[in-house]
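The values are calculated or read from the model by the stated rules, or taken from the named source; none is laboratory data. Owing to the predicted nature of the structure, the values given are computational and were not obtained by experimental measurement. No Cβ is skipped: glycine too gets one built from the backbone with ideal geometry, and neighbour counts run over all protein chains shown.
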Amino acid sequence: MKYSHAAAALKKRSAVLRSHILDMMPPGKAGHLGGSCSIADVTAVLYFHHMNINEKDPKDPKRDRLVFSKGHAVLAQYAALVEIGYIDRKEISKIKSLGGVLQGHPDMKTPGIEAVTGSLGQGLSVSVGMALGLRMDGSRARVFTICGDGELAEGQIWEAAMTASVYKTDNITAVVDWNGIQSTGRLSEVFSIDRIAEKWESFGWHVIDIDGHDIPSIIDALEEADRITGKPAVILARTVKGKGFPFAEDSAAFHNAALDEQQFKAGREAVDQMMKEAKDEV
Amino acid sequence: MRYESLRNAYGRQLAELGSIDQRITVLEADLGKSTMSCLFQAEYPQRYFQVGIAEQNMASIAAGLALTGKIPFINSFAVFASGRAYDQIRSSICIPGLNVRICGSSAGLSDFGDGKTHQSIDDIGIMRVLQNMTVLSPVDAVETRKMVNAMAEHDGPAYIRINRNELPVLTDEDAPYKIGQMTIMREGSDAVVFASGVMVSRSLDAAQLLQEQGISLRVVNVSTIKPLDAAALKECCRAVKAVVTAEEHSIHCGLGSAVAEALRKERIPIGFVGIRDLFGTSARSYDEILEHYGLTAQAVAEEVQDTLDLN
């Protein structure tokens, strides 16, 4: 297998990210477990395989940028930033506390966070602005943006999609975390957004449709997006909300919820199993 | 009295800045021939981004440009620049304190024909409530040019409201300018009026009317609504017995409110001249609509007398 070694190492990385995410969800403290875990594998591949980053300097002008437009899933990004070393590991337990570095939604005071998001629909526009600015400077840095599928109901997403197409910002790649569930239920029941691929295509984007938990597919998709010139690319990552934690998988209940002691314990066991499997593969 | 267009002054100064600083970028949502950002477009098309009729997108794109070290100016009518894109300005721009400049053009009632959807009687309030936001309201074309230059150098987000019409030139081309200053336009000893924009010239006329009645009115141009220099404001109140504010904006949340907040511990009565909790309306001329909403020299003079009578 072409990717066997890299993929196994990345699988371990994503297990570590899920472990950190769980640690940001101590029993009784609410957090956005579901959407953070659905995007954890894509996040691991971006930070630990695909993106150019400088471990010593989160502000290196040449760095690739990652913007979580679905800001509530930032636990996955925090976990990666801890692993890179931008954020002290001790901050994990202090998440969402007064004076803590890790805010409930992305804040630029946190090292490695590139934009303020959380009010949905804005991150793709901010990313388009970054892409235009980097292009003006002749920079080769790329911009990656994570959008939620429920977030696609925000009209501004499509304003940004049009602008990226008009200005041919091929230095931007969007990833839609297509987990099929939004805050209050399934998209199909709450607000059914269909023909998502056709929508992006008709807005002038190159569309790549993948299994968002299959690491070789994520690697391939990001490389394909890089090869596309003259237009932006979007990866529709088919994912499972809460992926990795059986009690939370494919459920709206853990969009933003507190775990009880039993769930936290089950979560720890699931993470241990993930780590063990990943270790065996490496 | 010489009259000059503020929006032409704005557009020309923006283009001028473009030649000095490569970081200046300009974004437009299809109103460039009204906001006069078209003058920058003609000179620097590579640094001009037409984003279509999408003000929210424009504000967030500007945030992204600022995050790569650019100094973006976004342009629209004041009502859309402030209200339509409010959450984008709040979240994408003000929370991180980015160097985005927002031009709210055709501000106040100055787009007199287009009616209530296009007249901004609340933009100052909307922008003033935002932490990190600097709010500017130039009195004339000369001050507009100086403000545009100062905005380029300024650290943090800034909003400028630009009148659509030609207004009398009241300030001196050679006088130094810095954001935050307030300027005594006429000395007086009985009362002080803090005015902004078109209401400065109306207040100077009011001072003339009051002089005939033996009342001496100090007139102050408050062109930086936020941050408001409380010490300077109090200094401008020295020896007077009444304070009046005059603005082409709702009396809620605008200059009047800002002055009242700053003087809340002073024992001095305060009167407001502004729009009384009403939306705009179409009119045939700028003077006609200002009179309709009581934004006249006579109204300022009466408010000064009423406020003095409270003593």
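Among the residues of the stretch B:63-105, which ones are part of a helix (DSSP H, G or I), within 20 Å of B:MET36 (Cβ to Cβ) and either among the hydrophobic types (A, V, I, L, M, F, W, C) or at the interface with chain A (Cβ under 7 Å from one of its Cβ atoms) (or both)?
B:ALA78, B:VAL79, B:PHE80, B:ALA81
With respect to A:SER97, determine if the residue is in contact (Cβ under 8 Å) with a residue 12 or more places away in the chain, surrounded by fewer than 17 Cβ atoms within 10 Å (Cβ to Cβ) and over 16 Å from the mean Cα position of the chain (by Cα).
On the way: in contact (Cβ under 8 Å) with a residue 12 or more places away in the chain: no; surrounded by fewer than 17 Cβ atoms within 10 Å (Cβ to Cβ): yes; over 16 Å from the mean Cα position of the chain (by Cα): yes.
So A:SER97 fails the test.
Identify the residue in the stretch A:137-152 that is under 18 Å from the mean Cα position of the chain (by Cα) and small (Gly, Ala, Ser) and, among all such residues, is surrounded by the most Cβ atoms within 10 Å (Cβ to Cβ).
Applying the filter and picking the extreme gives A:GLY148.
From the list B:THR245, B:THR224, exactly one residue is more than 20 Å from B:ILE162 (Cβ to Cβ) and among the hydroxyl-bearing types (Ser, Thr, Tyr). Which is it? Steps first, please.
Details: B:THR224 fails: more than 20 Å from B:ILE162 (Cβ to Cβ).
Going through B:THR245, B:THR224 in turn, the sole match is B:THR245.
Give the stretch B:1-57 a look and list any residue that's among the basic types (Lys, Arg) and without any contact (Cβ under 8 Å) to a residue 12 or more places away in the chain, or say none.
The answer is B:LYS33, and nothing else.
Could you run through the stretch A:120-136 and say how many residues are surrounded by fewer than 24 Cβ atoms within 10 Å (Cβ to Cβ), in contact (Cβ under 8 Å) with a residue 12 or more places away in the chain and either farther than 20 Å from A:VAL166 by Cα or not basic (Lys, Arg) (or both)?
1
Report yes if some residue within the stretch B:66-77 is among the β-branched types (Val, Ile, Thr) and more than 21 Å from B:VAL129 (Cα to Cα); otherwise report no.
The answer is yes, given that some residue of the stretch B:66-77 is among the β-branched types (Val, Ile, Thr) and more than 21 Å from B:VAL129 (Cα to Cα).
Select from the stretch B:148-180 the residues that are part of a helix (DSSP H, G or I) and either among the aromatic types (Phe, Trp, Tyr) or closer than 14 Å to B:SER105 by Cα (or both) and list them in ascending order. Lay out the reasoning, then the answer.
Applying the first criterion (part of a helix (DSSP H, G or I)) to the stretch B:148-180 yields B:148-153.
The answer is B:VAL148, and nothing else.
Identify, from the list B:ALA239, B:ALA246, the residue that is touching a residue at least 40 places away in the same chain (Cβ under 8 Å), in the same structural domain as B:LEU204 (by TED's automatic domain parsing) and at positive phi.
B:ALA239
Is it true that some residue in the stretch A:198-213 is at the interface with chain B (Cβ under 9 Å from one of its Cβ atoms), surrounded by fewer than 20 Cβ atoms within 10 Å (Cβ to Cβ) and in contact (Cβ under 8 Å) with a residue 12 or more places away in the chain?
No, the stretch A:198-213 contains no residue that is at the interface with chain B (Cβ under 9 Å from one of its Cβ atoms), surrounded by fewer than 20 Cβ atoms within 10 Å (Cβ to Cβ) and in contact (Cβ under 8 Å) with a residue 12 or more places away in the chain.
Can you tell me which condition A:GLU83 does not meet? The list is (1) part of a loop (DSSP other than H, G, I, E, B); (2) under 25 Å from A:CYS147 (Cβ atoms), and all the others hold.
For A:GLU83, the failing item is (1).
Scan the stretch B:113-161 residue by residue and report those that are touching a residue at least 60 places away in the same chain (Cβ under 8 Å), among the polar types (S, T, N, Q) and closer than 15 Å to B:ASN99 by Cβ.
Passing the criteria: B:THR134, B:ASN149.
More than 23 Å from A:PRO61 (Cα to Cα) and out of contact with any strand residue (DSSP E or B) (no Cβ under 6 Å at 6 or more places or on another chain): does that describe B:GLN50?
No, not satisfied.
Just for the stretch A:92-139: of the residues that are touching a helix residue (DSSP H, G or I) at 6+ places or on another chain (Cβ under 6 Å) and more than 25 Å from B:ARG84 (Cβ to Cβ), which one is farthest from the other protein chains (Cβ to nearest Cβ)?
Residue satisfying both the conditions and the ranking: A:ILE92.
Could you list, in sequence order, all residues of the stretch B:39-54 that are within 21 Å of B:ASP87 (Cβ to Cβ) and within 9 Å of another protein chain (Cβ to nearest Cβ)?
Within the stretch B:39-54, B:PHE49, B:VAL51, B:GLY52, B:ALA54 qualify.
Could you figure out which of (1) modelled with pLDDT under 95; (2) among the aliphatic types (A, V, I, L, M); (3) under 30 Å from A:VAL166 (Cα atoms) isn't true of A:ILE219?
For A:ILE219, the failing item is (1).
The rows are residues; the columns are (1) assigned by TED's automatic domain parsing to the domain that holds B:ILE71; (2) more than 18 Å from the chain's Cα centre (by Cα); (3) among the acidic types (Asp, Glu); (4) more than 24 Å from B:LEU310 (Cβ to Cβ).
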position: B:MET147; (1), (2), (3), (4): yes, no, no, yes
position: B:ALA150; (1), (2), (3), (4): yes, no, no, yes
position: B:GLU153; (1), (2), (3), (4): yes, yes, yes, yes
position: B:ALA191; (1), (2), (3), (4): no, yes, no, no
position: B:ALA195; (1), (2), (3), (4): no, no, no, no
position: B:ILE215; (1), (2), (3), (4): no, yes, no, no
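Looking only at helices (runs of 4 or more DSSP H) that fall completely inside the stretch B:229-311, which ones have 2 or more residues that are closer than 21 Å to B:ASP190 by Cβ?
B:230-236, B:255-262, B:297-309
A quick yes/no check of all residues on (1) modelled with pLDDT of 95 or more; (2) within 15 Å of B:ALA207 (Cβ to Cβ):
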{"site": "B:PRO227", "(1), (2)": "yes, no"}
{"site": "B:ALA262", "(1), (2)": "yes, no"}
{"site": "B:GLY294", "(1), (2)": "yes, no"}
{"site": "B:VAL300", "(1), (2)": "yes, yes"}
{"site": "B:ASN311", "(1), (2)": "no, no"}
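Checking A:GLY230 against (1) surrounded by 15 or more Cβ atoms within 10 Å (Cβ to Cβ); (2) on the phi > 0 side of the Ramachandran plot, only one condition comes out false. Which one?
(1)
Can we say B:SER76 is crowded, with 24+ Cβ neighbours inside 10 Å and of a type in the set (Ser, Thr, Tyr)?
Criteria met by B:SER76.
Going residue by residue through the stretch A:184-202, is there one that turns out to be assigned to a strand (DSSP E or B), farther than 25 Å from A:MET162 by Cα and among the small types (Gly, Ala, Ser)?
For the stretch A:184-202, residues assigned to a strand (DSSP E or B), farther than 25 Å from A:MET162 by Cα and among the small types (Gly, Ala, Ser): present.
Looking only at the stretch A:159-177, count how many residues are surrounded by fewer than 20 Cβ atoms within 10 Å (Cβ to Cβ) and either more than 9 Å from chain B (Cβ to nearest Cβ) or under 15 Å from the mean Cα position of the chain (by Cα) (or both).
Residues meeting the conditions: 2.
B:GLU4 fails exactly one of the following numbered conditions: (1) within 12 Å of chain A (Cβ to nearest Cβ); (2) acidic (Asp, Glu); (3) part of a strand (DSSP E or B). What is the number of that condition?
So B:GLU4 meets the others, but not (1).
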